[in-house]
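Only the coordinates and a few stated rules stand behind these numbers; no lab work does. All of these numbers come straight from a predicted model, not from anything done at the bench. Here the Cβ is made from the backbone with ideal geometry for all residues, glycine too, and neighbour counts use every protein chain on show.
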Amino acid sequence: MDILVVLFLITGLFFFLGGAVGIIRMPDFYSRLHPAGKLDTLGIFAMVTGLAIYNLHHFSLEALLLSIKMFLIVFFVFLSSPTATHSIVDAGMRAGLRHWTKKKRKG
Amino acid sequence: MIVSNNGVAKKAGNTRPTFYKSFFSFLITFVLMFLSWIVLSGKFDSLLLWLGGISSFFVAYYFYDLLFPAMESGYVKVFFRFIAYTPWLIWEIIKANFHLLYLAFHPRMKELIDPHIITFKTHLKSDIAIATLANSITLTPGTITVTADSDGVFRVHAIDSESAEALPGIMLKKVAKVFGEEI
């Protein structure tokens, strides 16, 4: 059981790390939003799953309710994160920012 | 529950179908509110349960048309089909997340990615179908919905050609099937 928890937590950490590295390495505003908005959602899903399993170690009704509450966090992040990403992209489009393409670069 | 029955009947008037519709949305709102009360409070004293029941009754009585505005017979079917759609969506999210993770750590990332904007038109009618498709596209990594208007025209920013090619196909079909619309 502990192994499963650690596995989930490390997976979540790895996704968050990937998100952070992606934000730094991507070439422009729009492509930076890809790792920022989405690797985080799967990262938070993996971490909360790990924590919920850890919380159910000593099984009781209150622990179960607490785990359900944790999954409510995941639910709302899954709802709000794409909406927030979409509105940021929309704001960038309205401001007239061009997106980075391969052809602009030479060499 | 008898009290709630009378309350809604008075409000909805005499016509039977409207009464049934509003009563169902009232009932679902009540059950949802009460369940979230139980989950969030986590205590099972009879006083607290009664307080939760009364407050969720009032919320459901005044705002029953807010969450489920038009309760029709096809609505329940849509709900279950949406439940059946979620596991596929989650699996797709996980698969595409690994693809994006691979891109983020790749040493020659700038040769792999090819950001561009694609536009496609669908024949989805209802707002909720368009919103679901837009959010599904954004959740699936590699693609972000830029605009989605009520005519069903989508503009999508895709990070590489692989995720752009997969786009208007299977996900649109699934969403259209869930909401019972033609593509």
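Rank A:LEU39, A:ILE53, A:PHE14 by how far each Cα sits towards the positive end of the charge dipole of the stretch A:2-95 (+1 on Lys, Arg Cβ; -1 on Asp, Glu Cβ) and give me just the farthest. Towards the positive end, the residue furthest out is A:LEU39.
Under 20 Å from a point placed 7 Å out from the Cα of B:ASP45 along the Cα-to-Cβ direction: which residues of the stretch A:50-87 have their backbone N that close? Zone members listed by number: A:61-63, A:65-66.
Evaluating 6.51 cos²θ - 1.76 cosθ + 1.60 at θ = phi - 60° for every residue in the stretch A:70-79, the Karplus couplings come out as 4, 6, 4, 4, 4, 4, 6, 5, 5, 6 Hz, glycine and proline recorded as x.
Here the residues B:GLU92, B:GLU111, ranked from fewest to most Cβ neighbours within 10 Å of their Cβ, fall in the order B:GLU111, B:GLU92.
3J(HN,Hα) couplings calculated from phi for the stretch B:115-125 with the Karplus curve 6.51 cos²θ - 1.76 cosθ + 1.60 (θ = phi - 60°) are, in sequence order, x, 7, 10, 10, 10, 9, 10, 10, 10, 5, 9 Hz; Gly and Pro show x. Does the stretch A:1-50 classify as rounded, prolate or oblate by the C-alpha gyration tensor (a ≥ b ≥ c root eigenvalues; a/c under 1.5 gives rounded; else a/b over b/c gives prolate, otherwise oblate)? Because a/c hits 1.5 or more and a/b exceeds b/c, the stretch A:1-50 counts as prolate. Here each label is just a point 7 Å from Cα along the line to Cβ, and for B:LYS77 and B:ASP151 those points are 3.1 nm apart.
Given R0 = 51 Å, the distance between the Cβ atoms of B:LYS173 and B:TYR62 translates into a calculated FRET efficiency of 0.80. Looking at this model, which pairs from B:LYS125/B:LYS177; B:LYS77/B:LYS174; A:LYS69/B:LYS177 are more than 24 angstrom apart at the alpha-carbon? From the list (B:LYS125/B:LYS177; B:LYS77/B:LYS174; A:LYS69/B:LYS177), the Cα-Cα distance tops 24 Å for A:LYS69/B:LYS177.
Classification of the stretch A:2-95 by its C-alpha gyration tensor yields an oblate form. The axis ratio a/c (a ≥ b ≥ c) is 1.5 or more, and b/c is at least a/b.
As a proxy for reagent exposure, A:LEU4, A:LEU66 were ordered by neighbouring Cβ count within 10 angstrom, fewest first; the result is A:LEU4, A:LEU66. Rounded to whole Å, give me the distance from the Cα center of the stretch B:91-133 to that of the stretch A:62-79. What the calculation gives is 26 Å, centre to centre.
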